[in-house]
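The values are calculated or read from the model by the stated rules, or taken from the named source; none is laboratory data. Fair warning: this is a prediction, and the values are worked out from it, not measured in the lab. A quick note on method: Cβ atoms are made from the backbone with ideal geometry, for glycine too, and the neighbour counts reach across all protein chains shown. Note: areas computed on protein heavy atoms with side chains; ligands, DNA, RNA excluded. Shrake-Rupley method; radii C 1.70, N 1.55, O 1.52, S 1.80 Å.
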Amino acid sequence: MLPFLSAFFIKNLVIVFFIYGLSFFFVALAILFSFRSLRTIGLADAFLYLLLFSLIHGTVEWIDMYRQYMVLLYNSDISGKFLHIRFYLLAASFYFLLLFGLKTITKTGLNSKIYLCMNVVFSLFVLFIGISGFVNTSLRELDSGVRYLLGFPAALLAGMAFYKLSNNEYIGTLPKDHRWYFKCSSYIFILYSIFAGLIAPKSWLLFASVFNQDSFLEYTGIPIQVLRALSAFLISYLMIRAMAIRLTHRLMGTLIAFFTITVVLGFTGYVELNFIMKRYNEVAKLEVEEKNFGSLYSSFNSLYGVASNPIVYKNTELYNPLVKVHMEGFKAALSVIKSMEHESEEEEELISRISTIYEKSFKQGNVRMDMESLNTLKMVIKKISDIHVEELNESKGHVWESIRNFEAILFIVFVFSVFGFIFIFRTFYKIILSPIHILKAGAGQIAEGNLRHRIDIHTADEIQELASDFNIMGERLLERTTKLEATTKELEELAIKDGLTGLFNHRYFYDSLGKEIKRAERYKADLSLLILDVDDFKHYNDAHGHPEGDILLKKLGEIILESLRNVDMACRHGGEEFSVILPQTGKEVATVTAERIRRGIQEYKFSFEDSQPLGDVTVSIGISSFPIDSTAIDDLVKKADDALYRAKKEGKNRICFNTGGV
């Protein structure tokens, strides 16, 4: 593996552990949200163990995430108490995974005695570890032991269990491709048994001293936690796709996972950026120190050159002022160095040694200094300069390493965003768009009259329920169509329509009203009834003759039909009286419909309308509603009739309710 990627994974194990634990938490949520469906197919008990494994194991990985975080920031591990708790949780998680595998593989489940025996053995094992001193010194060995003796067989049995489940058909309860997802889960669990079981921490157990996490990292350059996290992520994806999860839960889970990982990556980048700034400030401080050390070294070289000159040494009194100038320069540079904070203890000791040598050699104004002291001082200054240069280069290396890691995180965020968008789009297409296309095509078949067509959608969510409703609707429509065809001849003989206006007749009105009232009672729906009467129709007939009156009535029927919905029914009672049945309509909406009819008739230009007493051909309308006004057919009609009578009495060309006018 590329060294760069290897270093990146090692440096960002916090992210790896976060995704590792989050993946198992999503497995637990997938099982929890589909628990009712699992109960119907008899898998609830087995998957309860898998749910417990996922919750506990996810918690273990987040504890490891916190441990890694503590190491990165403070270079320390969590307390021994939490390490013990982590070990117990790890053992418990693998134990529940083992129970899941055993219960799923065995046809009749675990025998109660065997189950009790396993629980007792496991409890005694935990109790032994808890009370023995072994746990205080060998947690690493115990971790390896649990992974070898419990984790490996548990994950292997889980893989076998999923393979067995992939051979069963649960169409109608689980999504259509659940068998494929179960089979893929079995392969991933088998790989996970190797990654989490056989590649354990280094210990004396079996071949863990040779083949372990450390040797795996050395040979491959990949931390084994990366492969474990990848396996957990794939398992969570496959489980989410295989379980009967509501569409809203799938969408929310996908978005939350994408958002959470993006936030974690962003936060990691933010922490890394702060770390870069901290390192940069350290480098800036070291560069200032480097400048000061340069001044110290330069002033010493000047002092060394003067003090070691034979001419100056022989004529001390003559060159004494010159030596003092260089001494003051060196002393000032040394004072600046001493006033600064130094993190290295060795650096502090060397500075103190320089100061001691200087003070002993030039005490009480003495300007002479033997060559041995000068050379010693030169050696010490050179050594501290070399140490400082090494420290500066090391800090610069850390800065560049942090910058490269930050750039890698930015690249990972970009790649994750691109692939995340593609993944979410593909997921949305498979779980929403594709079933909707199938649903739309099926609904089109039914709408075109192919009532025998059935919509085949098995997503185990709301879309499957909607498809099922469409299929039921198709069956009912087919049944009703068959009955309708069988009774067509009878219906034709009944002559349900009025010959003049084309509206339904008086008999059909009462039959339909009774059916609509029963339907409204069944579905707790509203229903309204309009009764219309042409104002002063006798005057129109007497003045212009019956043929013109028939033309008027026919046109009135057309206007009424144009003002109604397809589900509404317009009838002619006889003479100039009409009625309208408005299913699923309350009194307020019925008033709007009645006003539309009244206005349409008044605004239409009828022949000879100017001769009418009101100057227009108009209608009066009475309204009654079910169940507010009445629940009986005859009484509902009477209430509408009474409202019509009130409209006539109050001046015609108006609408009245059963209890008042408009």
Check segment 526-535 and report whether any residue there is in contact with a strand residue (DSSP E or B) (Cβ under 9 Å, 6 or more places away or on another chain), open to solvent by less than 70 Å² (accessible area, probe 1.4 Å), within 20 Å of V567 (Cβ to Cβ) and without any contact (Cβ under 8 Å) to a residue 60 or more places away in the chain.
no
Quick check on K176: is it among the charged types (D, E, K, R) and under 32 Å from the mean Cα position of the chain (by Cα)?
yes
Look at G502 and say whether it is modelled with pLDDT of 80 or more, outside any helix (DSSP H, G or I) and over 41 Å from the mean Cα position of the chain (by Cα).
yes
Total residues in segment 551-561, condition open to solvent by less than 70 Å² (accessible area, probe 1.4 Å) and either under 18 Å from D536 (Cα atoms) or touching a His at 6+ places or on another chain (Cβ under 6 Å) (or both):
5
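Is it true that L165 is of a type in the set (A, V, I, L, M) and modelled with pLDDT of 85 or more? So that I can check it myself, show each step before the final result.
On the way: of a type in the set (A, V, I, L, M): yes; modelled with pLDDT of 85 or more: yes.
Yes: the conditions hold for L165.
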The lone condition N168 fails out of (1) without any contact (Cβ under 8 Å) to a residue 60 or more places away in the chain; (2) within 21 Å of R39 (Cβ to Cβ); (3) under 25 Å from the mean Cα position of the chain (by Cα) is (3)
Find the residue count for segment 562-620, including only residues that are open to solvent by 30 Å² or more (accessible area, probe 1.4 Å) and among the aromatic types (F, W, Y).
2
Anything in segment 476-499 that is within 27 Å of E558 (Cα to Cα), at pLDDT 80 or above and open to solvent by 80 Å² or more (accessible area, probe 1.4 Å)? List them, or say none.
K497
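Which one is modelled with the lowest pLDDT, of the residues in segment 442-456 that are in a helix (DSSP H, G or I) and open to solvent by 60 Å² or more (accessible area, probe 1.4 Å)? Let's see the steps before the verdict.
Initially, segment 442-456 is screened for residues in a helix (DSSP H, G or I), giving 442-447.
Subset that is open to solvent by 60 Å² or more (accessible area, probe 1.4 Å): 445, 447.
Working: Q445: 80, A447: 76.
Out of the qualifying residues, it is A447.
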Which of the following residues is more than 30 Å from F419 (Cβ to Cβ) and more than 18 Å from the chain's Cα centre (by Cα): F189, F211, F195?
F211
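Give me a count of the residues in segment 29-41 that are under 16 Å from F162 (Cβ atoms) and either touching a His at 6+ places or on another chain (Cβ under 9 Å) or among the small types (G, A, S) (or both). Please lay out each step first, then the result.
Residues of segment 29-41 that are under 16 Å from F162 (Cβ atoms), as a first pass: 30-31, 34, 38, 41.
Narrowing the set further to residues that are either touching a His at 6+ places or on another chain (Cβ under 9 Å) or among the small types (G, A, S) (or both) leaves 30, 34.
Counting residues in segment 29-41 that are under 16 Å from F162 (Cβ atoms) and either touching a His at 6+ places or on another chain (Cβ under 9 Å) or among the small types (G, A, S) (or both) gives 2.
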Residue that is free of Cβ contacts under 8 Å to residues at least 60 places away in the same chain and touching an Asp or Glu at 6+ places or on another chain (Cβ under 8 Å), where the choices are L32, L83
L83
Go through E516, E462, E448 for me and flag whichever is out of contact with any Pro (no Cβ under 6 Å at 6 or more places or on another chain) and under 23 Å from D568 (Cα atoms).
E448
Quick one: what pairs do we get from segment 51-73, first residue closer than 15 Å to F17 by Cβ, second of a type in the set (D, E, K, R) and open to solvent by 60 Å² or more (accessible area, probe 1.4 Å), C-beta under 9 Å, 6+ apart or different chains?
R67/D77; M70/D77; V71/D77
Please state which of the following conditions E272 fails to meet, knowing it meets all the rest: (1) closer than 17 Å to I403 by Cβ; (2) open to solvent by less than 30 Å² (accessible area, probe 1.4 Å); (3) modelled with pLDDT of 70 or more.
(3)
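Sort out which residues of segment 195-211 are out of contact with any Gly (no Cβ under 7 Å at 6 or more places or on another chain) and surrounded by 16 or more Cβ atoms within 10 Å (Cβ to Cβ), and write them in order of number.
F195, L198, I199, A200, P201, K202, S203, A208
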Which of the residues that make up segment 589-625 are closer than 20 Å to D550 by Cα, aliphatic (A, V, I, L, M) and assigned to a helix (DSSP H, G or I)?
I597, I601
Count, please, the residues in segment 423-447 that happen to be under 18 Å from R246 (Cα atoms) and either basic (K, R) or touching an Asp or Glu at 6+ places or on another chain (Cβ under 7 Å) (or both).
2
Take the residues in segment 626-660 that are crowded, with 21+ Cβ neighbours inside 10 Å and in contact with a Cys (Cβ under 8 Å, 6 or more places away or on another chain), then tell me which one is farthest from G549 (Cα to Cα).
A643
Might you let me know whether segment 378-390 holds any residue that is of a type in the set (G, A, S) and at pLDDT below 70?
no
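Regarding L29, is this residue in a helix (DSSP H, G or I), farther than 21 Å from L150 by Cα and in contact with a Ser or Thr (Cβ under 8 Å, 6 or more places away or on another chain)? Break it down stepwise before answering.
On the way: in a helix (DSSP H, G or I): yes; farther than 21 Å from L150 by Cα: yes; in contact with a Ser or Thr (Cβ under 8 Å, 6 or more places away or on another chain): no.
In short, no.
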